[in-house]
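Input: a single structure, listed below in C-alpha cells.
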Amino acid sequence: MGCDGGTIPKRHELVKGPRKVEKVDKNAELVARWNYCALSQEKLRRPIVACELGRLYNKDAVIEFLLDKSADKTPVEAASHIKNIKNVTELNLADNPAWTGDKESIKGDKYDDIQSARFICPVVGLEMNGRHRFCFLRNCGCVFSERALKEIKSEVCHKCGVPFQEGDVIVLNGNKEDVEALKKRMEERRLKSKLEKKAKKSKSTESAPRQDTTEDAPGPSKAKNGKDGITSSSGERQIIFTKSSDNGNSSVPAKVNKAASATTKRSIADSEKSEAYKSIFTSHSSAKRSKEECSNWVTHTAYYF
C-alpha cells in the first residue's frame, strides 16, 4: 500500500512550503503588447490607433467602447482615459517586406519566429517587435524607432514632412516611468484646452450684450398708433410728415435722420401751435376769396361798359 519499505518519501513531498512566484515570460508579454489590442485582446488589424499613453488598439474596438453607454458597462483600465475619438491617433505604419504572416503555419509544422514583426521603422529598418523602443507623432501619426529620431535630429517628420515638437513624440508601450510622464503631459494638455474653451466662451458672452445695447439705443419709437401718428414712450401722440406717392393712394414716411426726426415731430396736444396752423389756413382761404371777388368785379364792370 506504500511506505512499506519500497519507497522513502522526502520532506518536500510531505511538507508543503511557500509557493514560488511565477515569473512572466518576457517574450509572451512582448507578443501580447505589440500584436494584440489592449482593449479587446484581439489581434491588431488596420486601422490601428494609439492613445496618449502609448497603448495600441483596434479602431473598431475603441469606437464600440465609446458608443456603449449602458449601465452594465464594465470599466476597463486600459481605456479609462479615452473620452472621445479625438483622444486617439491613427497610426501610419510601414509594412515589413520579410513578414509572411500566419499562412504558412496553419498546419502547425512550421516554427513561428516571435521576433519577426509585421511593421518596421521606415528610416532605420528595425522591426517593431518590442525589442526596440518605438515612438509616434501626434500630429501625423507616423511611427519611427527612437534610434532614428535620435540619430537624425529634425523638427520635421521624416516620412510626411509635418513639423512637430518634443511634446508631440509619444513612446509606444513604454515602461512605468514613460507612462507616468505621458500621463502628466496628457493632463496638462487637456487642462490647457479647457481653459482656452472657457476663454472663448467668455469673449462670446461679452460681445453678445454689447450688440444688444447697440440695438436697444434710443431712437424713434417703433410702436405705431394709426396711419400718421406714433406714440412715444411717454404716451404722447406725435405726427410724422409723410411723402405722398404719385397716384395719391398711399403715403410713405419720409426718410429723415435720427437727429432731424426730433425736429419734424409735432405734438397735437400743443394748443398754441394748432391755433397758429388754424390762423395760417384761415388767412390763406380769405386771400383766395378776395381774389375771386376782385375777378368777379372786373368781369361785371367790363360787361357794363
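The values are calculated or read from the model by the stated rules, or taken from the named source; none is laboratory data. Fair warning: this is a prediction, and the values are worked out from it, not measured in the lab. We place every Cβ from the backbone using ideal geometry, glycine too, and count neighbours over all the protein chains shown. Accessible surface areas use protein heavy atoms only, side chains included; no ligands, DNA or RNA. Shrake-Rupley method; radii C 1.70, N 1.55, O 1.52, S 1.80 Å.
Here are a few things to note about the model shown:
- Filter pass, residue 146 being within 33 Å of the chain's Cα centre (by Cα) and either modelled with pLDDT under 90 or within 19 Å of residue 88 (Cβ to Cβ) (or both): no
- Residues in segment 58-85 that are loosely packed, with under 12 Cβ neighbours inside 10 Å and either assigned to a helix (DSSP H, G or I) or modelled with pLDDT under 85 (or both): 9 in all.
- Restricting attention to segment 175-205, the residues that are exposed (fewer than 10 other Cβ atoms within 10 Å of the Cβ) and touching a residue at least 24 places away in the same chain (Cβ under 8 Å) add up to 0.
- Subset of segment 64-87 (residues that are among the aliphatic types (A, V, I, L, M) and farther than 22 Å from residue 118 by Cβ): 66, 67, 71, 76, 79, 82, 85
- Residue in segment 150-174 that is least open to solvent (accessible area, probe 1.4 Å), counting only those that are free of Cβ contacts under 8 Å to residues at least 60 places away in the same chain and under 21 Å from residue 88 (Cβ atoms): 157
- Of all residues in segment 37-54, those that are among the hydroxyl-bearing types (Ser, Thr, Tyr) have Cβ atoms under 7 Å from Cβ atoms of residues that are surrounded by fewer than 21 Cβ atoms within 10 Å (Cβ to Cβ), 6 or more apart or on another chain, in 40/61.
- Whenever a residue of segment 78-96 is in contact (Cβ under 8 Å) with a residue 40 or more places away in the chain, its partners that are assigned to a helix (DSSP H, G or I), lying with C-beta atoms within less than 6 angstrom and at least six residues away or across chains, give the pairs 79/65.
- Contacts under 6 angstrom Cβ, first residue in segment 1-30 being closer than 30 Å to residue 41 by Cα, partner assigned to a loop (DSSP other than H, G, I, E, B) and modelled with pLDDT under 75, 6 or more apart: 27/114
- Residue that is modelled with the lowest pLDDT [pool: residues in segment 18-33 that are aliphatic (A, V, I, L, M) and open to solvent by 100 Å² or more (accessible area, probe 1.4 Å)]: 24
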